[in-house]
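Everything on this sheet refers to the single structure shown next.
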Amino acid sequence: MALDLSQLNPQQRAAVLQTEGPVLVLAGAGSGKTRVIAHRVVHLLDKGVPARSVLAVTFTNKAAQEMRDRIARLAGDRARVKGLTVSTFHAFGMRLLREQHARLGLPARFAILDAGDQVALVKRLLRESLQIDDKRFDLPRVVSLLSRRKMGTAPGQPGAPDHEYELCATELLPRYQLGLRAMGAVDFDDLLLVPLKLLRADAQLLESYRNRHRYLLVDEYQDTNETQLQLLELLAGMRRNLCVVGDDDQSIYAWRGAQVRNILQFDKRFPGCAEIFLEQNYRSSANILDAANAVIGKNPARKAKRLWTDRGRGPPLRVVCAPDDEAEAKYVADEIVRVSYEEKIPPREIAVLYRTNAQARPFEEALRLLGVRYRVVGGTSMFDRKEVRDLLAYLRAALNPSDEISLLRIVNVPARGIGDQTVARAQELARGRGATVWEVFSQGAPELSHAAERIAQFAQLVEKYGQRLSGPGFSAAARDLVDEVGLFDEARRSSQSLPAQARRIEAMESLLRQLIDYEKREEQRVSDLRLSGLGLQTSNLSDSPADEEFGSGLLGYLTRLALDSKEADGDAGDSVTLMTLHGAKGLEWRCVFLCGLEEGLLPHSGKGFDGETVEGAINLEEERRLCYVGMTRARERLVLTRAAQRIRRGKAMMRTPSRFLEDIPAELLDTVDLGSPQAAPKEVQEAKAKNFFANMDALLKDP
DNA sequence: GAATCACGCATTTTT
DNA sequence: TGCGTGATTC
């Protein structure tokens, strides 16, 4: 019954056994981090720590779910892990807010604004409250500035080149906060900030949280921001039972407020902490590790780790220079076919990684041409599409009409004769009456003359579906809504091309399917619970965060969606993965293609990427870490590619090789230059020739 | 108030 | 390349 720790290496074991006081575990890539965390939690349980005293925090819901699974599997007995809290920072904050909503003046079911909603709100405030043309500002940038202000990490700097943005943020911030309040909503930052404030202000509440969560565990600690650090400090209190696990070399979210210094200076904040290095790597071949070490070794401020492995050297890394981006993609696609035939590496064990989503396209085309199954992860997700956002806005507005962002988004979609003028007048009226826009809509307003009738109809529609969507059968109701409102017709009408039309309809269909799926699974969970209540073993060993956390029904779905935009990545069978380097953190494949190793791209140079990188304009250290993360995803084969020339907006631009390539010792590399024909593999030469003649033909036919 | 067309724009990473 | 936005016209 006792946990078997003999399978762990000495450092891993130390990380498991050091249960008291602050502990910093520096877990290099592939060093068995998740394993250690799971063992540590189960070890705590073995020692008699009640499950409900353990709080483990992650950044993503996926990571939380994985951790739950690992712990449950290791603990073996489901009853033992009952009461354990494994949650994201944001979900944790949300739970606290739910508990305390009344004293904060928040409705019990407050809305959570996602990035798109934030932009919409800022846009509205700019126009209506400040009378500023919203085109003058890059709205996402304004939103991120507001976020930094809220977090207290961006003091206004007069005289800075973006002074107008600073001014804008200063004017906007109080109005933005009021706007949130008025809607009974919070944004992502509030999910952390408000709990922090509350715990600071209420000693009793703080005490109860400290008593409940006696053992704290944080994964991916290098990604924490200032607020999260303060929250952890507060919760840890004098007990200081805080174990953080992370890797400063994999800190790639500084642009989002993460502070590497949290992990670098952990010992300053928590003096006397234990520091444990996990450096044995169980993932990659020695060649890959040596190369990755060489790249990351150039970073000045870091907790120097030297990953090692007792596995073999493996094949050398390949560095490929293609004449242009198309050839790069073609080479990668050819290699994928070859590797899956000759080395029997299945597509699911192969990944193509790149810096920016825009790079995905050529790879998609090349793979499609060869009939290779692939899936593109990330990029503009289905939930960023206009029509899906419209549909979601319908659902949200119906459930909660005081969600003004959603309500106003759909009030005239599809066009139903309630234009900007009418909406503006309704808002005016609302302000005059001291009421909300929804109240004006639903109570009727003769002042709105000819539009009054239309508005009454719209309000009726919202009310009707508000009823139907808030109970069981909501997925069917959503479909009816789409039909009744005519969203499909709208998509058909407003698309200029047939494929665009198909994409829009498909996107909405897929959301509807997800809803059906979700409702089914929820029914399943409910009956599972009933079974387990009768003492029957159920299929699912680990509980997913249950309804009490997110709410049930459609509201639960929408809440989950707000906190986890990449719901179900639908594991589409055996296919090659295409994703950005950011998306790849925490994953691994037998064979990895790391593409676009060029100055301006990796390291990325921000605007334009026109070759020469302006030092200081980018965070070179973070770009280096990004490269390191990419390299360490590979188990057996790592191929680094670049293009000598890239077509961008119709113009060809010469590219220089990434400085990171220079840092890798030549003896680890096998260099291929597709630009010089002698060096190119025969198949590639033939393909290039074919491509050349095809282009000639096209030119001759259509001069 | 709605539909159509044309222009012009901008492309990093997202819990 | 595609998209969104704006001006124009009905």
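Going through the range A:451-467 one residue at a time, which ones are touching a helix residue (DSSP H, G or I) at 6+ places or on another chain (Cβ under 9 Å) and not aliphatic (A, V, I, L, M)? Selection gives A:Arg454, A:Phe458, A:Gln460, A:Glu463, A:Lys464, A:Tyr465, A:Gly466, A:Gln467.
Table: residues versus (1) small (Gly, Ala, Ser); (2) farther than 21 Å from A:Cys627 by Cα.
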site: A:Arg261; (1), (2): no, no
site: A:Gln280; (1), (2): no, no
site: A:Ile288; (1), (2): no, no
site: A:Ala292; (1), (2): yes, no
site: A:Arg311; (1), (2): no, yes
site: A:Asp325; (1), (2): no, no
site: A:Ala329; (1), (2): yes, no
site: A:Asp334; (1), (2): no, yes
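For (1) under 29 Å from the mean Cα position of the chain (by Cα); (2) at positive phi; (3) not basic (Lys, Arg), each residue gets a yes or a no:
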{"residue": "A:Gln11", "(1), (2), (3)": "no, no, yes"}
{"residue": "A:Ala15", "(1), (2), (3)": "yes, no, yes"}
{"residue": "A:Gly28", "(1), (2), (3)": "yes, no, yes"}
{"residue": "A:Val41", "(1), (2), (3)": "yes, no, yes"}
{"residue": "A:Lys47", "(1), (2), (3)": "no, no, no"}
{"residue": "A:Leu55", "(1), (2), (3)": "yes, no, yes"}
{"residue": "A:Ala64", "(1), (2), (3)": "yes, no, yes"}
{"residue": "A:Asp77", "(1), (2), (3)": "no, no, yes"}
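Total residues in the range A:310-344 satisfying the condition of being surrounded by fewer than 19 Cβ atoms within 10 Å (Cβ to Cβ) and among the β-branched types (Val, Ile, Thr): the figure is 1. Within the range A:199-228, the residues that satisfy the criterion of being among the hydrophobic types (A, V, I, L, M, F, W, C) and surrounded by fewer than 19 Cβ atoms within 10 Å (Cβ to Cβ) are A:Ala201, A:Ala203, A:Leu205, A:Leu206. In the range A:190-214, the residues that are of a type in the set (Val, Ile, Thr) form Cβ pairs under 9 Å with partners that are surrounded by 18 or more Cβ atoms within 10 Å (Cβ to Cβ) and not in a loop (DSSP other than H, G, I, E, B), at six or more places apart or across chains, as follows: A:Val194/A:Gly93; A:Val194/A:Leu96; A:Val194/A:Leu97; A:Val194/A:Val186.
With (1) within 15 Å of A:Val218 (Cβ to Cβ); (2) touching a strand residue (DSSP E or B) at 6+ places or on another chain (Cβ under 8 Å) as the list, and A:Gln280 as the residue in question, which single condition is left unmet? Of (1) within 15 Å of A:Val218 (Cβ to Cβ); (2) touching a strand residue (DSSP E or B) at 6+ places or on another chain (Cβ under 8 Å), only one is false for A:Gln280: (1). Within the range A:195-240, the residues that satisfy the criterion of being under 29 Å from A:His101 (Cβ atoms) and among the polar types (S, T, N, Q) are A:Gln204, A:Ser208, A:Asn211, A:Thr224, A:Asn225, A:Thr227, A:Gln228, A:Gln230. For the range A:407-449, taking the residues that are more than 16 Å from DNA strand C (Cβ to nearest atom) and in contact (Cβ under 8 Å) with a residue 60 or more places away in the chain, the one that is farthest from A:Leu558 (Cα to Cα) is identified as A:Gln427.
Any residue at all in the range A:468-486 that is touching a residue at least 60 places away in the same chain (Cβ under 8 Å), farther than 22 Å from A:Ala182 by Cβ, within 16 Å of DNA strand C (Cβ to nearest atom) and touching a helix residue (DSSP H, G or I) at 6+ places or on another chain (Cβ under 8 Å)? Looking through the range A:468-486, none of the residues is touching a residue at least 60 places away in the same chain (Cβ under 8 Å), farther than 22 Å from A:Ala182 by Cβ, within 16 Å of DNA strand C (Cβ to nearest atom) and touching a helix residue (DSSP H, G or I) at 6+ places or on another chain (Cβ under 8 Å). Look through the range A:474-509, keep the residues that are surrounded by fewer than 13 Cβ atoms within 10 Å (Cβ to Cβ) and not charged (D, E, K, R), and return whichever of them is farthest from DNA strand B (Cβ to nearest atom). Of everything passing the filter in the range A:474-509, A:Pro499 is farthest from DNA strand B (Cβ to nearest atom). Which is in contact with a helix residue (DSSP H, G or I) (Cβ under 9 Å, 6 or more places away or on another chain), touching a residue at least 40 places away in the same chain (Cβ under 8 Å) and assigned to a loop (DSSP other than H, G, I, E, B), of A:Arg95, A:Arg109? After applying the criteria, what remains is A:Arg109. Every condition in (1) at pLDDT 85 or above; (2) over 23 Å from A:Glu387 (Cβ atoms); (3) within 16 Å of DNA strand B (Cβ to nearest atom); (4) crowded, with 18+ Cβ neighbours inside 10 Å is met by A:Trp438 except one, and the failing one is (3).
Evaluation of A:Ala115 against the conditions (1) within 27 Å of the chain's Cα centre (by Cα); (2) surrounded by 20 or more Cβ atoms within 10 Å (Cβ to Cβ); (3) within 16 Å of DNA strand C (Cβ to nearest atom) shows that the sole unmet condition is (2).
Selection of the range A:353-374 for residues being outside any helix (DSSP H, G or I) and within 14 Å of DNA strand B (Cβ to nearest atom) yields A:Leu353, A:Tyr354, A:Arg355, A:Thr356. Scanning the range A:52-59 turns up one or more residues that are surrounded by fewer than 18 Cβ atoms within 10 Å (Cβ to Cβ) and farther than 20 Å from A:Tyr176 by Cβ.
Summed over the range A:329-362, residues that are small (Gly, Ala, Ser), in contact (Cβ under 8 Å) with a residue 24 or more places away in the chain and within 16 Å of DNA strand C (Cβ to nearest atom) total 2. Kindly indicate whether any position in the range A:499-517 is part of a helix (DSSP H, G or I), of a type in the set (Asp, Glu) and at pLDDT below 80. Scanning the range A:499-517, I find no residue that is part of a helix (DSSP H, G or I), of a type in the set (Asp, Glu) and at pLDDT below 80, so the answer is no. In the range A:363-384, the residue that is surrounded by the fewest Cβ atoms within 10 Å (Cβ to Cβ) out of those that are at positive phi and away from DNA strand C (no atom under 15 Å from the Cβ) is A:Gly371.
The values are calculated or read from the model by the stated rules, or taken from the named source; none is laboratory data. Everything numeric here is computed off the predicted structure, so don't read it as measured data. Here Cβ is always computed from backbone atoms with ideal geometry, including for glycine, and neighbour counts include all displayed protein chains.
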